[in-house]
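Before any comments, here is the structure.
The values are calculated or read from the model by the stated rules, or taken from the named source; none is laboratory data. In this text, all values refer to a predicted model and were calculated from it rather than measured experimentally. Because the Cβ atoms are built from the backbone with ideal geometry, glycine has one as well, and the counts that use them run over all protein chains shown. Ligands, DNA and RNA are excluded from the accessible area calculation, which covers all protein heavy atoms including side chains. Shrake-Rupley method; radii C 1.70, N 1.55, O 1.52, S 1.80 Å.
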Amino acid sequence: MAMHCGLAAEVDLLVVNAAQLLTCAPARERPKVGEEMLQLGIIEGGAVAVVGERIAAVGPTEEVLRSVRCGPRTRVVNADGQVVTPGLVDPHTHLIFAGWREEEMELRLRGFTYLDILRAGGGILSTVRATRAASLEELVRVGLQRAWEMLTQGTTTAEAKSGYGLSLEHELKQLAAVREVNARHPLDLVPTFLGAHAIPEEYSGSPERYVDQVVEEMLPAVARDGLAEFCDVFCEPGVFDLKQSRRILTRARQLGLGLKVHADEIHPQGGAELAAELEAASADHLVAVSDEGIDRLAASGVVAVLLPGTSFVLGGRHAPARRMLERGVAVALATDFNPGTCPCNSLPLIMVMGCLCLGMRPAEVVNAVTINAAWAIGRAHDIGSIEPGKLADLVVFEAPNYKYLCYRLGTNLVRMVIKRGQVVVER
Ligand code: NIG
Ligand code: FE
């Protein structure tokens, strides 16, 4: 039966005849786990009716057509032979930065590790130098360009972190750039403060003093100006230890921010356990997560945001996705788009990696980049599934079924992107 709400109004946009409409419903009071991750709520021959920026009805095409009121201004999109999904959600990106680091890829090929390069003043610190030197306008310009790259590949909402400023002035500049790109572009951005991304060079001899600065100066300023919804920390041996991470995140929580953790990315340090203890929205990376950490994530409902693109680029191990899924952890996938460890902002490519590198099944992958990704950024009430009342964020893919989405790599299959009820990409 067609599900609907608010049908009195005339429909603005109607997508009909989808070979498969992946509703990813029902969205419950928590992210999907276990068997639920295999359920996509598929409607064959499905339709979606949109009024304004929201979904008014969803169901088999004939039922939706019977239950809604169309008029001369209703735009009808025939998705015959195509797959319709919720707009893809990228819950972990470092969208705003200046400069690229292609030379580091060759250093890694020659045997230097990611942490070697960071310790030698490269890596994150080289992007910090470039980002500090860039104007707000320049950061907005590159941010807009990258937002278009993402939107044309089906991403309709993305998280965006600071973390390449590492001083009050430049962290605020990065977050201002996120705000400006969000205002000027159809892609919705969710801002995260990542002042604790690295110890800046000027504090290299006194990391504790930098932590003081993050806690006493930066976090209050970010919270006062409402510039971020989340606070994240790179909790990694040699970067921020467990005690420093706990201190920063606890202060952020007092100030009303949601929490995220770059946890157990390279070496295990109890980052997943910390995320569980503090009831973070997500723990991200988790390549080196302990069994204890996995069980704590499962028990606490913290979303594990896995980043196979990063492992692929660094040429290392992948996160133990299957073990997490089997133990009941809610898994999401993201790009981790950044100039060092993943210069890729294509969620469709990450979906293929979810299958081929992490051993996830196509249905698990689709839930991981829609509804569970929405949970990881606190937006599941509004996006991540095709249900009446939610934002009309939809993607029409040139694909006969959902498995094909996780199989064809390197070709953009997006035919149309609908954001808040507007057709914003059409190819
Ligand atoms: O998520 N690991 C820390 N931060 C990023 C990389 C940032 C960079 O290398 O510029 C990540 O992988
Ligand atoms: Fe990251």
To the nearest 0.05, the calculated FRET efficiency linking Tyr404 and Asp212 through their beta-carbon distance, R0 being 45 Å, is 0.30
Could you tell me the calculated FRET efficiency between Glu29 and Glu106, based on Cβ-Cβ distance and R0 = 60 angstrom, to the nearest 0.05? 0.80
Give me the one-decimal nm value for the distance between modelled label points at Thr113 and Arg224, 7 Å along each residue's Cα-to-Cβ direction. 4.1
Using a 7 Å offset from the Cα along the Cα-to-Cβ direction at both Glu10 and Arg73, what is the distance between the two label points in nm, to one decimal? 0.6
Share of the chain's accessible area from carbon and sulfur, percent, 1.4 Å? 52
Taking a cut-off of 23 Å between Cα atoms, list the lysines near Lys260, but don't count ones fewer than 8 places away on the same chain. Lys32, Lys161, Lys173, Lys243
Multiply the residue separation of Arg253 and Glu36 by 0.36 nm, subtract the distance between their alpha-carbon atoms, and state the gained length in nm to one decimal. 75.1 nm
Calculate how many DSSP beta bridges within the chain are antiparallel, expressed in % of all such bridges and rounded to the nearest 5. 45
What does the highest-first list of 61-67, 265-271, 116-122 look like by mean Cβ count within 10 Å? 265-271, 61-67, 116-122
Put a dot 7 Å past each Cα toward the Cβ at Ala183 and Glu169; how far apart are the dots in nm? 2.2
Candidates Phe234, Phe397, Phe112: whichever shows maximal mean-square fluctuation once the chain is modelled as a Gaussian network with Cα springs under 10 Å: Phe112
If you average the alpha carbon positions of region 248-270 and of region 1-76, how far apart do those two centres end up, in angstrom? 37
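Rounded to the nearest 5, what % of the DSSP beta bridges within region 279-420 are antiparallel ones?
Restricted to region 279-420, the bridges split so that about 45 percent are antiparallel.
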Please tell me the relative contact order of the chain in percent, rounded to the nearest whole number, where contacts are Cα pairs under 8 Å and at least six residues apart. 21
In nanometres, the difference between 0.36 nm per residue of separation and the alpha-carbon distance of His381 and Trp148 is 81.4 nm
